[in-house]
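The values are calculated or read from the model by the stated rules, or taken from the named source; none is laboratory data. Remember, predicted model here, so these are calculated numbers, not experimental data. Just the protein is used for accessible areas: all its heavy atoms, side chains included, with ligands, DNA and RNA removed. Shrake-Rupley method; radii C 1.70, N 1.55, O 1.52, S 1.80 Å.
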Amino acid sequence: MSDKTSTQKSSRLKLDKIAIIGAGPGGLAAAIALRNIGFNVQVYEKAKEFRPAGTGLGLAPNGLNCLEAIAPGIVAALKSSGCQVHQTALKNIHGETIRANTSQFLEKYGQPLLTVWWWRLQQTLASRLPSDIIHLNHHCIGFKQNDHGVEIYFDGGKTVYADLLIGADGVNSVIRETLTGEGKPKYIGSMCWRAVIEYHHELFNSHDLIFIQGNQQFMYLLNVGKGYTSWITRKLWPNYSLSQTADEVKSRILDELTGWTETFRAIVAATPAEQIWEGPICDRPPLNCWSRGRVTLLGDAAHPMAPAMGQGANTTFEDAYELQASFSRASSLAAALTSYEKSRIERTQIIQTRSAVSEMRYYKPNRQTTNNDDFQNWLYGYKPSVDSKGTGDS
Ligand SMILES: Cc1cc2nc3c(=O)[nH]c(=O)nc-3n(C[C@H](O)[C@H](O)[C@H](O)COP(=O)(O)OP(=O)(O)OC[C@H]3O[C@@H](n4cnc5c(N)ncnc54)[C@H](O)[C@@H]3O)c2cc1C
């Protein structure tokens, strides 16, 4: 070992234990990233078991490049469990194609657009971690910190201690609420219904991502691989109310799709009512600071955004990559967190704001896209460009 390397190692940040709340895409990616650079990481998840859940997601080059940097080979695994999109097609409610664009992502940014099921993404990430560091059935209810550490509290009375706590617990983050006290997320006026089912329709080209524009309403169809399709429908709905039963949810959607071609209604009709998720689309205003003392945020907990631009999970993988880069170089926790925030806050504020504006634009007929080339290059061209393991090999 050279003198230079041994000096770098001895000046590196030392933490006995990092606790991450949430085993979603963000928490698991962050755990992989921090273990890469030698930290003891433990992940606490409220779900009692891993089970099929979540929606279909579009993973774009900015997210995939960051994920591949922290978990080499993972994009190939996601390609085989999901679908590589060749074309995005905009259709009207009668099934006629209004516009179709061949995906240029691979040529332009080095990664394709992949569509995957949140649950399979979670499983793919979890398979890169030792199973004994993921603690299921741990519902975090708060924490207290002092100069020496963080005490983390769970439902049922359990407490754990850590040197650093990362809140990766999603849009309704308990960690964020304990840090900021800002209250519930903001309903942005758009309702969502979604499901993932085993389904194939001969009219859907399996490498197409389909977007159907209705009246103040739209639907996505994503092939998420292995014979499964994710459908997502959203509607402008200023004063939302939730249905009382699963059957009511299903008939509500079918009512909303009155006049739509059977091709699109059929996928909803084929979905068992209890598998349909109904809920409001929420975000939060951007934060200017994500960390306090020994606690920080990541993913939707840090920057929840409207799904219009499909960037929630992608920016979460950028966070995980930058966390690894910052923690590999810093010699103190404060410096590591400052560097992490510096690399993330401004960029995610822009994407959060753009996403909120795009969400409302979706409901307008003949919507025009405002994502010009410069913005697209800035968004999708985000690449891990430094030696994030701090080995001096960059
Ligand atoms: C309809 C829709 C479409 C979307 N499409 C896309 C897309 O195309 N592309 C994209 O990049 N993103 C998309 N997103 C966003 C994406 O799903 C999220 O940004 C992403 O899942 C965030 O990951 P996360 O790990 O931060 O949070 P989550 O995925 O929310 O995971 C949080 C985890 O924390 C656990 N948890 C929560 N509270 C606690 C607690 N108190 N204690 C312990 N565990 C807890 C949860 O059970 C969960 O496992 C979409 C979202 C929606 C709603």
Give me the percent relative contact order of the chain, please, defined on Cα pairs under 8 angstrom at least 6 residues apart.
23
Residue-normalised value, i.e. accessible area per residue, for the chain at 1.4 Å probe, in Å², stands at 44
Heavy-atom accessible area of Lys383, protein chains in place, probe 1.4 angstrom, given in Å² to nearest 10, is 110
Nearest 10 degrees is fine. How inclined is helix 333-361 to the longest principal axis of the chain, computing both from alpha carbons?
10
Express the relative contact order of region 193-313 as a whole percentage, based on alpha carbon pairs under 8 Å and six or more residues apart in sequence.
22
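Averaging sequence separations of C-alpha pairs under 8 Å and six or more residues apart, then dividing by the length of region 147-253, give the relative contact order as a whole percent.
20
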Rg/Rg_ref, the chain, where Rg_ref = 2.2 N^0.38 Å and atoms are Cα
1.00
Given springs between every Cα pair under 10 Å in a Gaussian network model of the chain, which of Pro130, Pro280, Pro72 has the largest fluctuation?
Pro130
Keeping every protein chain in place, order Trp378, Trp117 by accessible area at 1.4 Å, biggest value first, i.e. largest first.
Trp378, Trp117
If the cut-off is a Cα-Cα distance under 29 Å, which lysines reach Lys48, setting aside same-chain residues fewer than 8 apart in sequence?
Lys17, Lys79, Lys144, Lys158, Lys184, Lys186, Lys226, Lys250
Looking at the chain, send over the antiparallel percent of its DSSP beta bridges, to the nearest 5.
70
Could you please state how large a percent of the accessible area of region 148-281 is carbon and sulfur, counting protein chains only and using a 1.4 Å probe?
48
